[in-house]
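For reference, the structure is listed below as structure tokens.
What follows draws every value from the coordinates through simple rules; no lab data is involved. Here the structure is a predicted model, which is why all the values come from computation and not from measurement. No Cβ is skipped: glycine too gets one built from the backbone with ideal geometry, and neighbour counts run over all protein chains shown.
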Amino acid sequence: MSDRNQWKHDPRQVLRAGAGFDVRSFDRGGTPGWSRDRATGEAAMVERGADLSELQERLYADGRTGGTRSVLLVLQGLDTAGKGGIVRHVAGMVDPQGLALASFGVPTAEERTHHYLWRIERRLPPAGRIGVFDRSHYEDVLVVRVDSLVPEAVWRPRFDEINAWERRLVDGGTTVIKIALMVSYAEQGERLMERLDRPDKHWKFSMGDVTTRSKWSAYQEAYAEMFGRTSTEHAPWYVVPADKKWYARLAVTEILTRTMEDLDLGWPAATFDVVQARAALQATMVRPPA
Ligand code: ADP
């Protein structure tokens, strides 16, 4: 394993949404736990990506040999916060066969006929995989709340319901890592403007992004309560400053890698006699069969 001590502080400690976490004063341009420069950060990310890739292979091997463990990385964040970049640049460092990607947009007509967790459950990672959720069940306490899609009496009990549901998930062998990418108001404005400035980005823009942006304060409030109510021991929230994309990607890489290191995954033992297999193979090395 490469050197994880380049971090001044464990990002899982400094980014964890604990008691007293304050969304409003949170510096979205900061690099908590990392005091080196961007170039060093980018190099460290590549190195840790190699570690992550090996850990993913161990997890996959575990799943192929009867293990029940999986990992679920939940990504939340407003438009332009960089969820897609995490999928591409962090999850993209491991073998795609080991991933189970899912993104959750406006529920379809069919999905709307079911409980809000129905569509989520169907996309949970199987044993041995790293699931990555681009948006998640948390939309059901975020956009649903801000846009009053259901009354408060319906969305408020969901905090407890989600905690209990995630508890069962964890008990079943899934390690749940929840990442909220928090971009500043100014940076979001610039990123949206860039989408308008560049014809190759127009496809990413929708007028709805401007409407959502106009509800900034309501979203901040919704995120704040979500952290307060659902950052649990078994499934904590990590709040990642996202104005510096290189930092956000580095931090998520490190959180995911450290969490997987803690799973202490070995390589599955051979279920055959290795000495005998070697002798049998050796006998074939001389020439092809006639
Ligand atoms: P993105 O904008 O992330 O590229 P999509 O356009 O497919 O992806 O869908 C995202 C939109 O879906 C967001 O505006 C989000 O708020 C909305 N959405 C996600 N889940 C729900 C939900 N449960 N209820 C209502 N809207 C939702």
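Relative contact order for the chain: what percent, with Cα pairs under 8 Å and sequence separation of 6 or more? Dividing the mean separation by the residue count of the chain yields 31 percent.
Segment Arg64..Ala269, full-extension length gain: 72.6 nm, with 0.36 nm per residue of separation and the alpha-carbon distance subtracted.
How large is the Kirkwood hydrodynamic radius of the chain, counting all unique pairs of alpha carbons, in Å? Write out the running numbers ahead of the final one.
Working: mean 1/r = 0.0483 Å⁻¹.
Result for the chain, one decimal place: 20.7 Å.
With the gyration tensor restricted to C-alpha atoms of the range 26-111, the semi-axes of the equivalent ellipsoid amount to 26, 23, 11 Å, longest first.
Structure remark: mean-square fluctuation, Gaussian network model of the chain, C-alpha springs under 10 Å; the largest value among Ser70, Ser206, Ser184 belongs to Ser206.
Relative to the compact-globule scaling 2.2 N^0.38 Å, provide the ratio for the alpha-carbon radius of gyration of the range 214-273. Mind showing how you got there, number by number?
Working: Rg = 18.0 Å, N = 60, 2.2 N^0.38 = 10.4 Å.
Compactness ratio reported: 1.73.
Where only DSSP H runs of four or more residues are counted, the chain gives -13000 deg cm²/dmol as its mean residue ellipticity at 222 nm, each run worth -39500 (n - 2.57).
Between Ser35, Ser136, Ser53, the GNM of the chain built on Cα springs shorter than 10 angstrom shows Ser35 fluctuating the most. Rounded to 0.05, the FRET efficiency of the Ala43 and Asp200 pair, given R0 = 22 Å and the Cβ-Cβ distance, is 0.20. Computed over the alpha carbons of the range 183-290, Rg followed by Dmax gives 26.1, 77 Å.
Using a Gaussian network model of the chain in which every pair of alpha carbons under 10 angstrom is joined by a spring, one finds that among Ala222, Ala279, Ala44 the greatest mean-square fluctuation is at Ala279. Return, ordered by residue number, the residues of the range 123-142 whose backbone nitrogen is under 14 Å from a label point located 7 Å along Cα→Cβ of Glu161. Output list for this probe position: 137-142. Dividing the convex hull volume of the alpha-carbon atoms in the range 188-233 by its residue count gives 97 Å³ per residue.
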